[in-house]
Ligand SMILES: Nc1ncnc2c1ncn2[C@@H]1O[C@H](COP(=O)(O)OP(=O)(O)OP(=O)(O)O)[C@@H](O)[C@H]1O
Ligand SMILES: [Mg+2]
């Protein structure tokens with residue numbers, strides 16, 4: 001008799017699409033900021049706290065469209081699915097967006113870069129227009145590494161509906177990553193390098209583009225170091241800028257002409 005068989009999925013899949021796939025910390029943060037961009041955020045705040053201690057935190061906060069409970073179930077918790085790919089991501093408010101949306105991601109795995117940065121994730125999100133519902137999800141990535149005979153889908157993720165929204169923004173998503181990976185070593189030089197790599201996401205000709213997108217880095221530990229720097233490019237704290245324009249200013253001969 002013919003019968004149908006199914007694949008089973010080991011919890012080991014998590015590493016393949018998580019910490020093993022994302023090869024460096026910059027790409028990991030880049031993926032998460034791309035998600036904020038795709039969620040129509042105009043502001044993304046990347047905070048580093050208690051670096052070099054076991055309480056280190058990386059927090060990425062955006063003021064994007066956020067997610068409701070259904071989005072969490074049908075999108076965020078649905079592995080390798082991307083509503084950006086099948087065109088349903090912005091169905092709920094497409095008519096409010098004038099231009100066709102171009103997404104930075106569509107593979108459906110970028111969220112697993114949280115795992116590259118730390119072993120625990122707390123995601124807090126409030127969807128635009130649904131301000132009274134703030135949802136929280138907690139993922140302990142270590143749980144996927146205990147026993148590779150365990151099925152991926154049997155490993156639980158905590159969900160709570162919060163009474164108040166702790167974010168600095170009314171809507172959007174907060175990713176709070178703890179259990180920061182030991183080999184990451186988020187020092188001053190590395191944060192500078194991160195700031196530099198993120199500048200690629202900022203349009204150097206901002207004024208020509210309708211869409212505003214600001215990325216800010218906050219790392220209290222390096223405020224003092226920043227104060228000793230004389231160039232803005234050497235400061236970790238502050239807005240990520242695309243320095244193409246300032247570079248052009250410094251390093252090129254300009255011809256100015258007036259047509260009358
Ligand atoms: N910051 C966010 N705000 C709102 N929704 C988000 C956010 N981050 C993720 N999502 C939702 O979760 C889905 C999964 O994100 P993920 O990064 O894994 O996939 P993707 O962005 O669709 O594709 P890619 O793997 O290429 O990044 C997104 O498609 C989006 O629906
Ligand atoms: Mg993505």
Subject >> Residue check for residue 125: surrounded by 15 or more Cβ atoms within 10 Å (Cβ to Cβ) and either at pLDDT 90 or above or at negative phi (or both) >> reply: yes
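Residue-wise test of (1) outside any loop (DSSP other than H, G, I, E, B); (2) under 20 Å from residue 152 (Cα atoms); (3) touching a helix residue (DSSP H, G or I) at 6+ places or on another chain (Cβ under 6 Å); (4) away from ligand 1 (no atom under 12 Å from the Cβ).
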position	(1), (2), (3), (4)
14	yes, yes, yes, yes
23	no, no, no, yes
29	yes, no, no, yes
53	no, no, no, yes
60	yes, no, yes, no
66	no, no, no, no
89	no, no, no, no
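Residue-wise test of (1) within 11 Å of ligand 1 (Cβ to nearest atom); (2) at pLDDT 95 or above; (3) surrounded by 16 or more Cβ atoms within 10 Å (Cβ to Cβ).
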residue	(1), (2), (3)
71	yes, yes, yes
97	no, no, no
103	yes, no, yes
108	yes, no, yes
118	no, yes, yes
138	no, yes, no
Subject >> Residue selected from the range 155-203 under the condition at positive phi and in contact with a strand residue (DSSP E or B) (Cβ under 8 Å, 6 or more places away or on another chain), by the criterion farthest from ligand 1 (Cβ to nearest atom) >> reply: 179
Original post:
Can you name the residue in the range 106-121 that is within 13 Å of the chain's Cα centre (by Cα) and either within 19 Å of residue 40 (Cβ to Cβ) or assigned to a loop (DSSP other than H, G, I, E, B) (or both) and is also nearest to ligand 2 (Cβ to nearest atom) among such residues?
Top reply: 110
Original post:
From the residues in the range 46-62 that are crowded, with 21+ Cβ neighbours inside 10 Å and under 12 Å from the mean Cα position of the chain (by Cα), which one is farthest from residue 102 (Cα to Cα)?
Top reply: 58
Original post:
residue 103 fails exactly one of the following numbered conditions: (1) part of a loop (DSSP other than H, G, I, E, B); (2) in contact (Cβ under 8 Å) with a residue 12 or more places away in the chain; (3) more than 16 Å from ligand 2 (Cβ to nearest atom). What is the number of that condition?
Top reply: (3)
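The values are calculated or read from the model by the stated rules, or taken from the named source; none is laboratory data. As the structure is a prediction and not an experimental result, all values here were calculated from the model. Cβ sites come from the backbone with ideal geometry, for glycine too, and all protein chains shown count toward neighbours.
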